[in-house]
1. Considering every residue within the range 257-279, establish whether at least one is buried (at least 23 other Cβ atoms within 10 Å of the Cβ), of a type in the set (Phe, Trp, Tyr), part of a loop (DSSP other than H, G, I, E, B) and modelled with pLDDT of 80 or more.
2. Which one is modelled with the highest pLDDT, of the residues in the range 287-311 that are in contact with a helix residue (DSSP H, G or I) (Cβ under 7 Å, 6 or more places away or on another chain) and over 24 Å from Val202 (Cα atoms)?
3. From (1) touching a residue at least 24 places away in the same chain (Cβ under 8 Å); (2) surrounded by 14 or more Cβ atoms within 10 Å (Cβ to Cβ), pick out the condition that doesn't hold for Ser60.
4. Please state which one of Val216, Val197 is touching a residue at least 60 places away in the same chain (Cβ under 8 Å), in contact with a Pro (Cβ under 6 Å, 6 or more places away or on another chain) and either β-branched (Val, Ile, Thr) or over 14 Å from Ala66 (Cβ atoms) (or both).
5. Restricting attention to the range 72-90, which residues are loosely packed, with under 15 Cβ neighbours inside 10 Å and touching a residue at least 12 places away in the same chain (Cβ under 8 Å)?
6. Looking at Pro131, is it exposed (fewer than 15 other Cβ atoms within 10 Å of the Cβ) and closer than 20 Å to Leu10 by Cβ?
7. What number of residues in the range 100-124 are surrounded by fewer than 14 Cβ atoms within 10 Å (Cβ to Cβ), free of Cβ contacts under 8 Å to residues at least 24 places away in the same chain and not in a helix (DSSP H, G or I)?
Amino acid sequence: MGSFITNLGLLINATLIATPPLLLAALGSCFSERSGVVNIGIEGMMTIGAFTGAVVGLLSGNGWLAFLCGGLAGAALAVIHAIVCIQFQADQTIAGTAINFLGTGLSVFLAKAMFDNSSDTPPMDPSSKLPKLFEGVFPSGSFGANVLNNYVMAYLVFAVAALCWFVFYRTKFGYHLRACGEHPEACESLGVDVYRVRYVCVILSGFLAGCGGAFVTLATVNQFRPSIIVGQGFIAIAAVIFGKFSPGGAMLACLLFGFCTGIKTLVSQGNVISPNLISMIPYIVTILALLIFVGRANAPAANGRPFTKSH
């Protein structure tokens, strides 16, 4: 019984570590997609956020400041994506793919320029990372320590999801952004500035994705490496599709994928199954979810379709 409780605590802990970056990125993707702009560049925005979070954490020693700066770095890439897609009406999928290359390439370039030609940043001290909840209150290795002694942001991210749901379905801005993704021409005829709504949503998607990337380097690990995001941006996009483009659905999907990552972490400790096979678990679940649910998820009618102002 004691072993079961311990393993359950470890599984919950691993799930709480794996879910926040996916959920932050997925919530950002919800804003962009529901406003009518496809954002394939979530991966690149997470990567630049992870790099910026690591660098600011090293230089300032303040985990919260580093987390915020990671979000701002993701927003900066999102501004580029928004201008290219909204103002110049470029192909949104190609533009997002370019953002992915730009985010990764720029991060590696800056890392080599700043850290003696190394693509990895130096490891951070624990004091430079995000703070933990109830640190030192519970004995190390206990169920309480595994479940409650986690990073504060691992719990706050669910409050962020609730706030996003409120914005989507209980505010005037939320009505506008959903309408812009369905019928922008009708929105314009009612006096809604479609461009402004889409700009705000795309930039917000970059900010949340950057925060998700920063969480990885400020909580999951303690340094930036070029492969640090390893497809998490695409899993977040899959979670949005799986969750039918809603914050609540995306949260449940991210919890599922985070749970699968937790199982991967737990099983890998036994050294019974090949680590290469174990590492495939989250991606296999992602593919299966897409195969089962992609046909049932109704994307916004105007998603990916360029909009031109009538005047």
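The values are calculated or read from the model by the stated rules, or taken from the named source; none is laboratory data. As the structure is a computational prediction, the values presented were derived from the model and not from experiment. Note that each Cβ is placed from the backbone with ideal geometry, even for glycine, and that neighbours are counted across all protein chains shown.
1. no
2. Of everything passing the filter in the range 287-311, Ala289 is modelled with the highest pLDDT.
3. The failed condition is (2).
4. Checking each option against the conditions leaves just Val216.
5. The answer is Val79, Gln87, Gln89.
6. When the stated conditions are applied, Pro131 does not pass them.
7. 3
Here's the yes/no breakdown for (1) in contact with a Gly (Cβ under 6 Å, 6 or more places away or on another chain); (2) within 19 Å of Lys129 (Cα to Cα); (3) of a type in the set (Val, Ile, Thr); (4) assigned to a loop (DSSP other than H, G, I, E, B):
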position	(1), (2), (3), (4)
Pro20	no, yes, no, no
Ala26	no, no, no, no
Glu33	no, no, no, no
Thr47	yes, yes, yes, no
